[in-house]
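Notes follow the structure.
What follows draws every value from the coordinates through simple rules; no lab data is involved. Predicted, not measured: the structure shown is a model, and the values here were computed from it. Virtual Cβ from ideal backbone geometry, glycine too; neighbours counted across all protein chains shown.
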Amino acid sequence: MTTTVAHVESGRAERAPARGRVQRRRATLIGWSFILPNFLGFALFTLVPVIAALGLSFMSWDAYNPPKWVGLHNFIRLSQDPMFWAALENTVLYAVGHVPLTLALSLGLALVLNRKLRGIEFFRVAIFFPYISSLVAIAIVWNLLFDPTSGPVNVLLTHLGVHNPPGWTSSTTWALPAVIITSVWKDMGYYMILFLAGLQAIPGELYEAASVDGASAWHKFWNVTVPGLRPTTFFVLVILTVSSFKVFDLIFVMTEGGPGRATLVLSQLIYQDGILNGQFGYSSAISLVLFVMVLLITLFQYRLQNRRQD
Amino acid sequence: MKRPMRMLALAGITASALALAGCAGSPSTSSNNGSGKTTLTITTWDYADTPEFKALFTAFEKANPDITIQPVDVPTAADYEAKITTMLAGGDSTDIITVKNLTDYSGYVAKQQLVNLDDVEKAAPSDKLAGLDSYQYKGDYFALPYRTDFTVLFYNKDLFQKAGLAAPDNLTWDQFAQDAAKLTSGSGANKVYGAYVHTWNSLVQGISAVQNGKDLTDPSDYSYLTDQYNMMLKLQKAGDIPNYGEATAQKLAYQTEFETGKAAMVPMGTWLIAPLLADKAKGVSVPNWGIAQLPQITAGQPIVTDGGPTGFGINKNAKDVAAAKKFIAFAASEQGAEAVASIGIVPSYQSDTITQKYFGLAGMPQDDLSKKAFAPDSVKPDIPVNPNAAAVNTVLSQEHQLIMTGSKSVSAGIKEMESLVKSQALSQ
Amino acid sequence: MAIDARLGGDIRPTLRAKRNRERLSKTVVYVLLSVLLLVVLLPFLWMLSSSFKNNVDVLSVPIHWIPQHWVWSNYRDIWKQVPLAGYLGNSALLAVSITFLQVLTGSFAAYGFSKVKFPGRDGLFLAYLATIAVPWQAYMIPQYVMMQHAHLTNTFWALILLQAFGAFGVFLMRQYYLTIPEELTEAARLDGLSDYGIWARIILPLSKPALASLALLTFVNTWNDYMGPFIYLSSNSLWTVQLGLRQFIGQYSADYAMIMTGSVISIIPVLVIFLFGQRYFIAGIATSGMKG
């Protein structure tokens, strides 16, 4: 403190940078004071275990006896493991199907439901329902709907003239699409909520101004809604991508990864190898690969967002 | 503008008050409660719906008034192993770990998580304990069984009579298939299947392995599975057993299939007996049923079936090993067997008195065939104790699904099992 | 007069046409929504109808959407079969405390990440983002080992501490704060408000929709969480609704009728919360806030 005061008094030329430094230190203090309450909990209960888990990928550990350092052995084994490659392929395919479909549907629903209509609350609740319904119920109902012979989906397809309707969850080709359809249906209400909150942040004046200029609905969407939703879209995209790559619950209750390995995903492999088969080091290595992959995609999205903002 | 702040503050006060209340409500898990009484902690699954635990614990407490048992309950049987793994990783000090199956046992033994029980085994009536051998690992025992289940053929007597068939006494698999075809009738909602073979891989692979005298953890040659798979696929194609894909999609429950008379024969573990008795007692309509020996490859030979024990082991971090050993010895004794048998569970300890008591339960079939089926000549585990048992079973189960859904031919599936088990599960 | 009449005559048809068009588009929206509603609500309807059936009838094919025999007793028996009231209480306690802490610390931290510029800020934010990318299966056991050493397993504290400081809330609120114009905070600063004052008096009231959505989603996620309570809570007196529901899926047969009864009951609190929270998504609320 005294040095700064001395600097300030020492002359006009040095005054500006000194004040900058004081201000920066003040800003740092203020910034940290905001972040600290959350950061303490976050660092202790999430960051530390996450770092520990990723460190385990270079070790051999059975989740009981002391871990042993094995260097890159787990990763070499990974590269030769057909289960890992099958799970990786399924995970990527799932994400490629799930992300764009959910994004488009949830945004569309949010736009439709973001208006003053009688009974709109009811519709919003309804769309959110799949997300809060019990997973067990969802798995049972969709498995019945997708039943190859007596299920309503195939009955409808046959009526529409499809002669050889897919076997859905009992077919290695169609199990993944069945899972994707179910998960899009389940998740769209969740992301709709996020978009609804985002839409509230766009000032109504912008729409009014656009109307005065005679812009069409389509124009307003592209020139007002889309730019206004950019931070929300970034958020939704990141959360959606990450959760697609980490998908576990729904697939676990619907197909348990089957038939065979047709819907086996990375998270399930991690669960299987680590917690059930007692090869925790190896499963941590799979987690690290998944982590790096998702991180790269997220960073790419982050860059893209920042560039657009500039 | 001040409203959100006030709401936040209000919610905060409520939340912290609630959190404190919840903390006060949580009971302590200490081992000794000071009154000179010892408390023994035992892991269980679904305590409310698994009556054998309560029966056994009550009987033990009666015989040992100075010890109280406190169950550490895992809500679901399906996720039991995940919870135990996590608890033990954290250094949990629950005294006794219930060993749900041999695959889990393999894991505990490989990680050296259980106390050696050779002394308890020596003092126990070992020759009368079915399934005890399965726990032997390199000459040592780390758990002792209290119940031993094995696969038998459950059959619906009325449906057999209606089809004019003799009771399925010592069938071969070929005869089983012929009977299944004759017992199948109707269509749509009235369809009755000759048999229901549940979706588990053990019902094809496990049975086939023990009846051929093979070991499923040995991947050198799985071709002995071919006949059993061909038979199942043929039955499925003819519509004599429910389609595998539909059984999975509709999450068919074997108990429901049998109880509602949808299937005339169900090869299943003896654990199905207890719920059938319980349902009958509750007033749910249960068909006139009996059990027969599991079908064999050839007739007139000793009856070989698959099965295994459920038992108790002692946690290395246990607080009271002496009391824990007392309990394990009790569970393996005749007294323990009586408690378990009284609710329709098949105890490991076998004697004529126990069998008599068992068949004296209300609702048990009384015919000779059922009694004969209750004493198979040889019960072997479908996957023997092996550090890689869980990983091997994962591969086998995946290929089983692929073969049964027709995604892969039998020979291609068997080849894949051989190469995957060899390269994956056995090379860590 | 004549001019006026002519003008009126010109305007009225266009207004009427506009009104007609609006009415038409409203009808289209309603029809589309109703179709969607049916598809979306299908499993819920199935849950509801199953909860009024015998267990054996639940999985009968073809599906009977309306029970053939109405069984009302499920809703009475479930309270006797399991201490459901206790489970509901535990779930509520966990969900409320976690939601409260998440929303409070999340929105507070988000202000630091979006409205205060200081060195290292973006790096720190990336660390938050990065942890979202790690699946819980990977760090479940290290977390448990930590909690066991802190003697917090089998208490609510373990779950509250683990779930209340997640990166999700910080990220969501930060993104929302980014949309609030910088001029607003600058103006407040010039008026002599401190950053804490700006957060409490300006940002918080403006971010009601985002707070509502964060609270809603956190509440639902905690309410529906199965694995967390499953791993950490051993005493039956601490169990949550989700654990109770899974308990129905017994070892031998699944009591689906009861599961569905329980599911329907377990959804009701979430529904109430939702109906309460969704009021903050009324079009135009943010604009009026901005003006004030």
- Compute log10 of I(q)/I(0) for region A:75-154 with the Debye formula, placing one identical point scatterer on every Cα and leaving out solvent, at q = 0.11 Å⁻¹, to two decimals. -0.55
- Using Cα pairs under 8 angstrom and six or more residues apart, how large is the relative contact order of region C:170-247, in percent? 27
- What is the order of C:Val82, A:Val289, fewest Cβ neighbours within 10 Å to most? A:Val289, C:Val82
- List A:Arg307, B:Arg147, A:Arg77 from most exposed to least, where exposure is judged by having the fewest other Cβ atoms within 10 Å. A:Arg307, A:Arg77, B:Arg147
- Message: Looking at chain A as a GNM with Cα springs under 10 Å, which of A:Tyr64, A:Tyr190, A:Tyr131 has the largest mean-square fluctuation?
- Response: A:Tyr64
- Counting sequence-distant residues (5 or more places) and residues on other chains, those with an amide H built under 5 Å from that of B:Gln70 are B:Leu40, B:Thr41, B:Ile42
- How high is the relative contact order of region B:277-428, in percent, counting Cα pairs under 8 Å that sit 6 or more residues apart? 28
- Counting residues in region A:156-310 as N, plug N into 2.2 N^0.38 Å and put the Cα Rg over that result. 1.41
- Message: Can you tell me the orientation of helix B:173-183 relative to chain B, as the angle in degrees between its alpha-carbon axis and the longest Cα principal axis, to the nearest 10?
- Response: 80
- Query: In whole Hz, what ³J(HN,Hα) sequence does region B:327-336 give by Karplus (6.51, -1.76, 1.60; θ = phi - 60°), x for Gly and Pro?
  - Reply: 5, 5, 4, 4, 5, 8, 8, 4, 4, x
- Task: Can you tell me the dipole magnitude for the protein assembly as shown around its Cα centre, using point charges on the Cβ only (Lys, Arg +1; Asp, Glu -1), in Debye to the nearest 20?
- Result: 4760
- Rg and Dmax [Cα atoms of chain B; Å; Rg one decimal, Dmax integer]: 24.1, 88
- In whole Hz, what ³J(HN,Hα) sequence does region B:284-298 give by Karplus (6.51, -1.76, 1.60; θ = phi - 60°), x for Gly and Pro? 6, 6, 10, x, 6, 10, x, 10, 10, 5, 4, x, 10, 6, 10
- Item | Anchor B:Lys251: lysines whose Cα lies under 21 Å away (excluding residues fewer than 8 positions away in-chain) | A:Lys186, B:Lys191, B:Lys237, B:Lys262, C:Lys53
- Which value in Å does the Kirkwood hydrodynamic radius of chain A take, with 1/r averaged over all unlike C-alpha pairs and then inverted? 23.6
- Where does region C:59-156 land on Rg(C-alpha)/(2.2 N^0.38 Å)? 1.80
- Note on the structure: Sequence order, region A:222-228: Karplus ³J(HN,Hα) from phi using 6.51 cos²θ - 1.76 cosθ + 1.60, θ = phi - 60°, Hz rounded, Gly and Pro as x, gives 6, 9, 10, 5, 4, x, x
- Note on the structure: extent check for region A:49-187: Cα max minus min per principal axis, descending, whole Å, gives 62, 44, 26
- For region B:53-162, alpha-carbon Rg relative to the globular expectation (2.2 N^0.38 Å, N residues): 1.33
- Task: Just the number, please: Stokes-Einstein D of region A:124-221 in µm²/s, Kirkwood Rh from C-alpha pairs, 37 °C, 0.692 mPa s.
- Result: 197
- Query: Roughly what angle does helix B:410-420 make with the longest principal axis of chain B, taking Cα atoms, 0 to 90 degrees, to the nearest 10?
  - Reply: 30
- Note on the structure: GNM on chain C, Cα springs under 10 Å; top mean-square fluctuation among C:Asn20, C:Asn221, C:Asn74 goes to C:Asn20
- At 20 °C and 1.002 mPa s, the Stokes-Einstein diffusion coefficient in µm²/s for the protein assembly as shown, with hydrodynamic radius from the Kirkwood sum on alpha carbon pairs, is 68
- Return the percentage of antiparallel bridges among DSSP beta bridges fully within the protein assembly as shown, rounded to the nearest 5 %. 65
- Take peptide A:294-306, look around each residue's Cβ out to 10 angstrom, count Cβ atoms belonging to other protein chains, and average those counts. 2
- May I ask you to list the lysines whose Cα is less than 30 Å away from that of A:Lys68, ignoring any residue fewer than eight positions away on the same chain? A:Lys246, B:Lys83, B:Lys100, B:Lys111, B:Lys138, B:Lys316, B:Lys319, B:Lys422
- Item | Convex hull volume per residue in cubic angstrom - Cα atoms of region C:80-291 | 149
- Message: Only Cα pairs within less than 10 Å get springs; with that Gaussian network setup on chain B, which residue of B:Gly245, B:Gly313, B:Gly269 has the largest fluctuation?
- Response: B:Gly245
- Once both axes come from the Cα atoms, what is the angle between helix B:273-282 and the longest principal axis of chain B, in degrees from 0 to 90, rounded to 10? 80
- Message: Under 5 Å between amide hydrogens, which residues at least 5 positions from B:Phe312 or on another chain qualify, with H placed 1.01 Å from N in the peptide plane?
- Response: B:Val99, B:Leu144, B:Tyr146
- Note on the structure: Listing C:Lys26, A:Lys246 by rising number of other beta-carbon atoms within 10 angstrom, fewest first, gives C:Lys26, A:Lys246
